[in-house]
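Take a look at the structure below.
The values are calculated or read from the model by the stated rules, or taken from the named source; none is laboratory data. Fair warning: this is a prediction, and the values are worked out from it, not measured in the lab. When we count neighbours, we look across all protein chains shown, and the Cβ atoms used for this are built from the backbone with ideal geometry, even at glycine.
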Amino acid sequence: MKVILTEEVENIGQPGDLLKVKDGYARNYLLPNNKAVQATIQNMKQLEHQKRLIGEKLNKIKSEAEKLSKKIERLSCTITKPAGEEDKLFGSVTSADICESLKNEGIEIDKKKILLEEPIKNLGIFNIMVKLHPEITAKLKVWVVKE
């Protein structure tokens, strides 16, 4: 029997996959548990329509991420922190501080998207990567200056 998966089934496939499974497996497990629907012409057309809508939505999200990437790359954030001798900071600059600085510039980004390998503990200029989309990262220039 041919079925279209509506949710992920371990060792079988992902949502939207068209599979040929044994009749008993489909009748007794997949269909009653709403994990799949029978592959009729109407369901196939509906699946194609849903895939097209999802594709359009993903393209829109990617284009918005590209615009935001260009906006971020034009920015440079300045973060002031108290520092001691030899330009060592009292404390450090973390992704939360960078996120707050971006928020002051009018850009809201989750701090988890700021790829900071370790907190910044010195004064200077740093290029920080911001992951906006699985395929798109932006380079943000961060200036850490003495308070």
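Taking the residues in the range 19-55 that are among the hydroxyl-bearing types (Ser, Thr, Tyr) and in a helix (DSSP H, G or I) as candidates, determine which candidate is nearest to THR6 (Cα to Cα).
The initial filter retains those residues of the range 19-55 that are among the hydroxyl-bearing types (Ser, Thr, Tyr), namely 25, 29, 40.
Filter once more, keeping what is in a helix (DSSP H, G or I): 25, 29.
Values: TYR25: 15, TYR29: 13 Å.
Among residues in the range 19-55 that are among the hydroxyl-bearing types (Ser, Thr, Tyr) and in a helix (DSSP H, G or I), the one nearest to THR6 (Cα to Cα) is TYR29.
With respect to LYS71, is the statement that it is basic (Lys, Arg) and touching a Leu at 6+ places or on another chain (Cβ under 8 Å) true? Lay out the reasoning, then the answer.
Details: basic (Lys, Arg): yes; touching a Leu at 6+ places or on another chain (Cβ under 8 Å): no.
When the stated conditions are applied, LYS71 does not pass them.
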Lone unmet requirement of (1) out of contact with any Lys or Arg (no Cβ under 6 Å at 6 or more places or on another chain); (2) free of Cβ contacts under 8 Å to residues at least 40 places away in the same chain for CYS99: (1)
Matching option when the condition is modelled with pLDDT under 90 and in a helix (DSSP H, G or I), among GLU73, GLU86: GLU86
